[in-house]
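Engineer: Please see the structure below; I have some questions.
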Amino acid sequence: MKKSSNNPKQKIQEKIDRMDIEAFQNDLVQWFQEEQRNLPWRKDNDAYRVWVSEVMLQQTRVDTVIPYYNRFLEKFPTIESFADADEESILKVWEGLGYYSRVRNLHTAAKEVVSKYGGRVPDTKEEISKLKGVGPYTAGAVLSIAYGKPVPAVDGNVMRVLSRILLITDDIAKPASRKIFEEAVEELMYHDHPSHFNQALMELGALICTPSSPSCLLCPVREHCQAFAKGVQEQLPVKTRKKSTRHEDIVAVVLKDEEDKILINKRPEKGLLANLWEFPNLKVVPLLDGWEILQDFLSTEYSMDAVIEQEDFTVVQHVFTHLTWKINAHEGRLKSGNIDGNETLKFVTEEELEELAFPVSHQKIWQAYKERVQ
DNA sequence: CATTCGTGGGC
DNA sequence: TGCCCAAGAAT
């Protein structure tokens, strides 16, 4: 009897060799053709549209993306129209979707596609991977869906599905694991229709092979699934959890001048919420008087003399992936001072304010401000 | 390689 | 309520 290899990579290869790959492909792709959801980005295979959808879908749920995708393509129907847009408007269409560097990278990349490739999204892994924001997953997704190329598109769904089918126990939270799954997809790839094959793996993960309580009895490929055969599907994939979030206490001010214009600040071009607008704020040590800190801050940093209400009108708790903000927001009135010499500050009317892109945390402040008297 | 980068939904 | 997440990429 032949001894099975201890080389992990070869072990997976042996599992694949024992599979009826053709039956697996047919069962999977046929299921996809019958059961796939009717999603707005599946109306055609236009590379620009596929690309936009894939970037939006990074770490973001389908139901969340749908309205953003529709608005985005209504506003920017062609890659040229998007490339020509200013950054303010592209951030506004992305407002509330999160991970804002995605849209800034997409914008940079789109401009490059227009100027360097005449508006046609490159169709080789080499070229498309050079574009900002296009990593291994997005490259594979666009190449397979838009151009029918047999390139793996390994996302969280694919890793979960294949970890179960092939009983792969590598920690999918580790970056190095993705390569393992790409190699498996290379072996399993349905060359007659790479687009459907890649999408089928993801769709199966989204609809059937879910993180918890997978619907194995409805699964079109359960007879190919090693985890199901052993009843260990709930134990897979192996995924280590990340460390907990840190907390920051912040005080913010909605400051109006004598014309009732509101002071806002543009965040730095790098880091958290880059280039979005916000109400002036600073990190503080809790239990100190926020209104005094703000008054001092406006004076020393902006040379503004202002009266700040002692009582905060709202407290916003906002949770990021790796950070939690507790924002005590105060109302204030400018007595003297201006924004001369400060490039990031601006006084705007309420109407102008609502045309600019704010992070959700500061949208919450604005909502509470407008409702404060009632 | 580990960390950073958003948000809203599910349990 | 607190945690996990959801079609990842950049640094």
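Engineer: Taking the residues in segment A:105-120 that are within 25 Å of A:T60 (Cβ to Cβ) and among the β-branched types (V, I, T) as candidates, determine which candidate is least open to solvent (accessible area, probe 1.4 Å).
Structural biologist: Step by step, filter segment A:105-120, then rank; the result is A:V113.
Engineer: Exactly one of (1) touching a Leu at 6+ places or on another chain (Cβ under 8 Å); (2) in contact (Cβ under 8 Å) with a residue 12 or more places away in the chain; (3) at negative phi is unmet by A:P122. Its number?
Structural biologist: Evaluating A:P122 over (1) touching a Leu at 6+ places or on another chain (Cβ under 8 Å); (2) in contact (Cβ under 8 Å) with a residue 12 or more places away in the chain; (3) at negative phi leaves (2) as the failure.
Engineer: Quick test for you: out of A:N328, A:N265, pick the one residue that is away from DNA strand C (no atom under 16 Å from the Cβ), in contact with a Ser or Thr (Cβ under 6 Å, 6 or more places away or on another chain) and in contact (Cβ under 8 Å) with a residue 24 or more places away in the chain.
Structural biologist: Criteria check complete, one pass: A:N265.
Engineer: I've got another one for you. Name the residue that is farthest from the chain's Cα centre (by Cα), counting only residues in segment A:47-69 that are in contact (Cβ under 8 Å) with a residue 60 or more places away in the chain and more than 6 Å from DNA strand C (Cβ to nearest atom).
Structural biologist: Checking each candidate, the answer is A:A47.
Engineer: What pairs can you find where one residue is in segment A:180-208 and under 17 Å from A:V221 (Cα atoms), the other is assigned to a helix (DSSP H, G or I) and of a type in the set (D, E, K, R), and their Cβ atoms are less than 8 Å apart, with a gap of 6+ or different chains?
Structural biologist: Note: pairs meeting the criteria are A:E203/A:E35; A:G205/A:R160; A:L207/A:E35.
Engineer: Another question, if that's okay. I need the full set of residues from segment A:298-329 which are of a type outside the set (S, T, Y), surrounded by 13 or more Cβ atoms within 10 Å (Cβ to Cβ) and assigned to a loop (DSSP other than H, G, I, E, B), in order please.
Structural biologist: Once the filter is applied, which keeps residues that are of a type outside the set (S, T, Y), surrounded by 13 or more Cβ atoms within 10 Å (Cβ to Cβ) and assigned to a loop (DSSP other than H, G, I, E, B), segment A:298-329 yields A:M304, A:E309, A:D312, A:F313, A:F320.
Engineer: With A:Y99, A:Y48 as the choices, which residue is assigned to a loop (DSSP other than H, G, I, E, B) and aromatic (F, W, Y)?
Structural biologist: Result of the check over A:Y99, A:Y48: A:Y99.
Engineer: Counting only residues that are over 21 Å from A:F297 (Cα atoms) and either at pLDDT below 95 or outside any helix (DSSP H, G or I) (or both), how many does segment A:330-369 have?
Structural biologist: Result for segment A:330-369: 7.
Engineer: Condition test on A:V134, is it assigned to a helix (DSSP H, G or I) and within 14 Å of DNA strand C (Cβ to nearest atom)?
Structural biologist: So A:V134 does not fit the description; no.
Engineer: Sticking with this one: Return the residue satisfying two criteria in turn: it lies in segment A:331-359 and is surrounded by fewer than 16 Cβ atoms within 10 Å (Cβ to Cβ) and among the β-branched types (V, I, T), and of such residues it is nearest to DNA strand B (Cβ to nearest atom).
Structural biologist: Top of the filtered list is A:T344.
Engineer: Mind telling me which of the residues A:D63, A:D123, A:D27 ends up being among the acidic types (D, E), surrounded by fewer than 19 Cβ atoms within 10 Å (Cβ to Cβ) and assigned to a loop (DSSP other than H, G, I, E, B)?
Structural biologist: A:D123
Engineer: When only residues in segment A:133-164 that are open to solvent by 10 Å² or more (accessible area, probe 1.4 Å) and touching a Leu at 6+ places or on another chain (Cβ under 6 Å) count, which is farthest from A:R120 (Cα to Cα)?
Structural biologist: Step by step, filter segment A:133-164, then rank; the result is A:V151.
Engineer: Additional query: Given (1) open to solvent by 30 Å² or more (accessible area, probe 1.4 Å); (2) assigned to a helix (DSSP H, G or I); (3) within 17 Å of A:Y100 (Cα to Cα), where does A:E74 come up short, assuming only one miss?
Structural biologist: (3)
Engineer: Among (1) loosely packed, with under 15 Cβ neighbours inside 10 Å; (2) within 16 Å of DNA strand C (Cβ to nearest atom); (3) under 27 Å from A:M202 (Cβ atoms), which single condition is A:E87 missing?
Structural biologist: Only one criterion in (1) loosely packed, with under 15 Cβ neighbours inside 10 Å; (2) within 16 Å of DNA strand C (Cβ to nearest atom); (3) under 27 Å from A:M202 (Cβ atoms) is unmet by A:E87, namely (3).
Engineer: For A:K130, are the conditions met, namely being without any contact (Cβ under 8 Å) to a residue 60 or more places away in the chain and either open to solvent by 20 Å² or more (accessible area, probe 1.4 Å) or more than 14 Å from DNA strand B (Cβ to nearest atom) (or both)?
Structural biologist: Spelling it out, A:K130 is indeed without any contact (Cβ under 8 Å) to a residue 60 or more places away in the chain and either open to solvent by 20 Å² or more (accessible area, probe 1.4 Å) or more than 14 Å from DNA strand B (Cβ to nearest atom) (or both).
Engineer: How about segment A:165-205: which of its residues are of a type outside the set (K, R), buried (at least 18 other Cβ atoms within 10 Å of the Cβ) and within 16 Å of DNA strand B (Cβ to nearest atom)?
Structural biologist: Across segment A:165-205, the qualifying residues are A:I168, A:D170, A:I172, A:S177, A:I180, A:F181, A:E182, A:G205.
Engineer: Continuing with this model, one more query. Among the residues of segment A:279-291, which ones are out of contact with any strand residue (DSSP E or B) (no Cβ under 6 Å at 6 or more places or on another chain) and touching a residue at least 12 places away in the same chain (Cβ under 8 Å)?
Structural biologist: A:L282, A:V285, A:D289
The values are calculated or read from the model by the stated rules, or taken from the named source; none is laboratory data. A quick note: this is a predicted structure, and the numbers were derived from the prediction, not measured. We place every Cβ from the backbone using ideal geometry, glycine too, and count neighbours over all the protein chains shown. The protein model used for the area step is the full one, side chains on, heavy atoms only, and it has no ligands, DNA or RNA in it. Shrake-Rupley method; radii C 1.70, N 1.55, O 1.52, S 1.80 Å.
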